[in-house]
Amino acid sequence: MATTNRAPKLKLSNVSKEFTAPGTGQRTVAVADVSLEIQSGEFICVVGPSGCGKSTVLNMVAGLAEPSSGTIEKDGVPITGPGADRGVMFQDYALFPWLNVRDNIGFGLRHGTPGKELSRSTREERVGHYIELVGLAGSENKYPHQLSGGMRQRVALARLLANGPDILLLDEPLGALDAQTRLILQVELLRIWGETAPAEQRKTAIFITHDIEETVFLADRVVVMSTHPGRVKAVLPVDLPRPREETIRAEPRFGHLAEEIWGLIRDEAYRAIA
Amino acid sequence: MSSAAERQHAGPPQPSSLQTPVLQRELDATHTWQGPGGAKPSQITRWMSKRGVIAIRSFVIFIALWWLLALWVNRPVQLPSPLRVAIALGGLIAAGEVSENALISVSRLGISLVIAAVLAIPLGFLMGLRREAEAIIDPVVELLRPISGIAWIPLALFIFGVGDILPLFILVYVAFFQILLNTIAGVRNVDQRLIAAARTMGVGRWAVLRYVIIPAALPTVMVGIRLAFAAAWAAIIAAELIGAPSGLGFAIEWYRELLMSPKVFAFLVVIGIVGYFADLALRALQRWLTPWAQGTELA
């Protein structure tokens with residue numbers, strides 16, 4: 001997606017986050033001076049070694065954590081707390097274990113702001129729609145502990161989408177899956193995000209991962225972060241055509257991009273395990 | 001999530017149908033390994049290793065040891081034989097004394113558990129959610145908690161006298177701390193990501209409490225209720241022994257004064273059996289209220 005002069009959907013300006021250890025009072029800088037502009041409909045992947053503060057950035061955009069300094073604006077308005085306009089998909093899905101698939105997906109519609117104006121039948125219809133979309137028809141009455149990892153991931157995705165957020169915040173959503181399921185769900189994620197739809201109908205997505213090939217496959221732009229403290233090291237546009245098929249992984253350009261990102265991370269990754 | 005569940009989702013879509021035969025094979029292998037001379041396990045070996053059969057066998061051995069000890073001691077007042085106790089129990093059941101006293105004790109227990117839960121669960125939520133409340137109340141709780149409920153009986157005799165109030169007071173006291181501490185732990189240990197997830201769905205604070213924190217803490221609260229039951233059932237006998245004109249504890253004391261040891265023993269047996277079935281009932285309630293907690297450490 002080409003950068004235009006439109007106002008950004010999300011704007012992070014000099015965002016830093018410090019944590020203070022409760023006992024010792026020792027301060028750690030998790031995120032330092034991150035500035036980033038994200039356009040509406042963009043798919044952004046954030047990649048970096050563990051401890052680079054990528055989840056912290058996501059939490060701040062979600063409104064679950066406050067920046068120590070700097071500002072985060074959405075559509076020009078500062079973010080002050082969590083809201084249904086910014087849906088989060090957590091790494092381990094955070095499904096409610098006491099609710100079945102249908103009630104998990106309908107949770108926000110039933111108890112939160114997204115369903116305030118909707119009638120019961122509209123809510124049920126919408127839940128049904130997302131159950132279909134993620135291929136969970138027939139499992140509506142199952143509980144999370146009865147589902148496989150891939151199915152839980154689909155429930156979390158459907159729950160996220162059912163609330164109708166315009167920004168999707170995805171924190172390593174495929175991290176817990178085996179390699180094959182992961183490849184399949186990457187394609188599915190792009191389809192659900194709106195890859196085949198016109199760009200203006202797509203949602204804005206921030207996707208966190210430590211899998212380099214995943215970033216190249218999914219992203220419009222890849223944000224590479226470095227650690228101690230967490231900073232943006234580089235932002236790389238991914239100039240691969242959409243919709244992206246499995247075969248794109250075999251193309252030379254795909255390999256070059258992955259190589260380039262790995263080159264930016266390599267030193268720190270080696271240092272982390274040394 | 002349990003590790004069993006973790007293992008399941010790496011596998012094919014319907015692992016449960018595949019797992020049973022594997023488990024069965026493992027069991028069979030164990031049997032073969034235990035079997036004499038590597039021969040195939042006989043029907044008897046299989047039957048003997050069933051859980052119910054093991055329980056009955058242990059029970060029979062216990063009765064036999066009791067009987068031998070009773071023969072050796074040879075003083076029926078101090079240690080009556082199982083047969084004498086069984087006859088006494090039969091007589092007490094026929095006379096309606098068992099059901100009458102058991103009903104009284106169980107009612108007291110039930111009422112006091114309800115009172116303790118009504119007091120302790122809201123307080124536990126308050127202390128679990130609000131650090132300030134915890135800071136104020138916790139010192140008092142920690143001061144009172146180590147004092148056994150039984151230690152209050154002499155004082156309670158002064159205040160309430162012998163009657164229905166005294167055992168209720170002791171039982172509520174005993175049950176209260178178990179439920180309170182488990183409720184606090186349950187509220188504290190609610191997975192913060194579930195709360196975060198709800199908040200990012202635009203769910204307000206009260207709805208988070210009602211629809212996330214309460215159900216998430218419920219399994220631990222139920223554990224507290226079961227522990228409260230166990231502690232209260234142990235204390236009720238002591239409370240009734242001294243401070244009540246009825247109930248199982250009172251019946252034991254009554255027949256002790258009459259030197260009717262078989263009947264004293266018969267009531268001891270009743271206490272064990274009633275306690276066992278009450279715990280089964282509480283487990284059933286737990287499964288019904290928190291079915292999702294099955295297979296976790298809280299079930």
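The values are calculated or read from the model by the stated rules, or taken from the named source; none is laboratory data. Because the structure is a prediction, the values reported are computed rather than measured. For neighbour counting, all protein chains shown are included, and Cβ atoms are generated from backbone atoms with ideal geometry for every residue, glycine included. Surface areas here come from the heavy atoms of the whole protein model, side chains and all, with no ligands, DNA or RNA. Shrake-Rupley method; radii C 1.70, N 1.55, O 1.52, S 1.80 Å.
Checking each residue in segment B:258-274 for being in a helix (DSSP H, G or I) and over 12 Å from B:I237 (Cα atoms) picks out B:S261, B:P262, B:K263, B:V264, B:F265, B:A266, B:V269, B:I273, B:V274.
Taking segment B:165-198 as the range and being within 13 Å of chain A (Cβ to nearest Cβ), of a type in the set (G, A, S) and open to solvent by 10 Å² or more (accessible area, probe 1.4 Å) as the test, only B:A196 passes.
Every test in (1) buried (at least 22 other Cβ atoms within 10 Å of the Cβ); (2) modelled with pLDDT under 90 is passed by A:V46 save one, and that test is (2). Residues in segment A:229-242 that are open to solvent by less than 70 Å² (accessible area, probe 1.4 Å) and under 23 Å from A:T204 (Cβ atoms): A:G230, A:V232, A:A234, A:V235, A:L236, A:V238, A:L240, A:R242. Taking B:E132 as the residue in question, decide whether it is over 25 Å from the mean Cα position of the chain (by Cα) and open to solvent by 50 Å² or more (accessible area, probe 1.4 Å). The answer is yes for B:E132.
Scanning segment A:73-96 for residues that are surrounded by fewer than 19 Cβ atoms within 10 Å (Cβ to Cβ) and facing chain B (nearest Cβ under 9 Å) yields A:G81, A:D85, A:Q91, A:D92.
Scanning segment A:132-164 for residues that are under 17 Å from A:G87 (Cβ atoms), out of contact with any Lys or Arg (no Cβ under 7 Å at 6 or more places or on another chain) and crowded, with 20+ Cβ neighbours inside 10 Å yields a total of 11. Just to be sure before I move on: is B:L119 buried (at least 17 other Cβ atoms within 10 Å of the Cβ) and either without any contact (Cβ under 8 Å) to a residue 12 or more places away in the chain or closer than 20 Å to B:L227 by Cα (or both) in the structure I sent? Considered against the rule, which asks whether it is buried (at least 17 other Cβ atoms within 10 Å of the Cβ) and either without any contact (Cβ under 8 Å) to a residue 12 or more places away in the chain or closer than 20 Å to B:L227 by Cα (or both), B:L119 comes out as no. Inspection of segment A:52-64 identifies at least one residue that is touching a residue at least 12 places away in the same chain (Cβ under 8 Å), outside any loop (DSSP other than H, G, I, E, B), more than 14 Å from chain B (Cβ to nearest Cβ) and not aromatic (F, W, Y).
What helices (runs of 4 or more DSSP H) lie completely within segment B:43-108 and have 2 or more residues being among the charged types (D, E, K, R)? I'd like the intermediate steps shown before the answer.
Values: elements: B:43-48, B:51-73, B:82-95.
Of the helices (runs of 4 or more DSSP H) lying wholly inside segment B:43-108, those with at least 2 residues that are among the charged types (D, E, K, R) span B:51-73.
Restricting attention to segment B:70-125, the residues that are hydroxyl-bearing (S, T, Y) and touching a Gly at 6+ places or on another chain (Cβ under 6 Å) total 1. Quick one: in segment B:199-245, which of the residues that are open to solvent by 20 Å² or more (accessible area, probe 1.4 Å) and not in a helix (DSSP H, G or I) is nearest to the other protein chains (Cβ to nearest Cβ)? Of everything passing the filter in segment B:199-245, B:G204 is nearest to the other protein chains (Cβ to nearest Cβ). Figure legend. Inter-residue proximity from segment B:77-106: first residues open to solvent by 60 Å² or more (accessible area, probe 1.4 Å), second residues among the hydroxyl-bearing types (S, T, Y), beta-carbon distance below 6 Å, spacing 6+ or different chains. Indicated pairs: B:V77/B:S261. The set of residues in segment A:183-228 being hydroxyl-bearing (S, T, Y) and either surrounded by fewer than 20 Cβ atoms within 10 Å (Cβ to Cβ) or touching a strand residue (DSSP E or B) at 6+ places or on another chain (Cβ under 7 Å) (or both) consists of A:T196, A:T204, A:T209, A:T215, A:S226. If the condition is being more than 28 Å from A:S226 (Cβ to Cβ), free of Cβ contacts under 8 Å to residues at least 40 places away in the same chain and either in contact with a His (Cβ under 8 Å, 6 or more places away or on another chain) or not hydrophobic (A, V, I, L, M, F, W, C) (or both), then segment A:65-103 contributes A:T80, A:G81, A:G83, A:R102, A:D103. All conditions in (1) of a type outside the set (D, E, K, R); (2) in contact (Cβ under 8 Å) with a residue 24 or more places away in the chain; (3) closer than 30 Å to A:M60 by Cα hold for B:W206, with the sole exception of (2).
Considering segment A:211-224 alone, what residues qualify as being more than 14 Å from A:W262 (Cβ to Cβ) and either touching a residue at least 40 places away in the same chain (Cβ under 8 Å) or within 13 Å of the chain's Cα centre (by Cα) (or both)?
From segment A:211-224, those more than 14 Å from A:W262 (Cβ to Cβ) are A:217-221, A:223; that's our starting set.
If the condition is that a residue be more than 14 Å from A:W262 (Cβ to Cβ) and either touching a residue at least 40 places away in the same chain (Cβ under 8 Å) or within 13 Å of the chain's Cα centre (by Cα) (or both), then A:L218, A:A219, A:D220, A:R221, A:V223 are the ones that fit.
All conditions but one from (1) in contact with a strand residue (DSSP E or B) (Cβ under 7 Å, 6 or more places away or on another chain); (2) closer than 24 Å to A:E213 by Cβ; (3) open to solvent by 10 Å² or more (accessible area, probe 1.4 Å); (4) part of a loop (DSSP other than H, G, I, E, B) apply to A:S40; the one that does not is (2).
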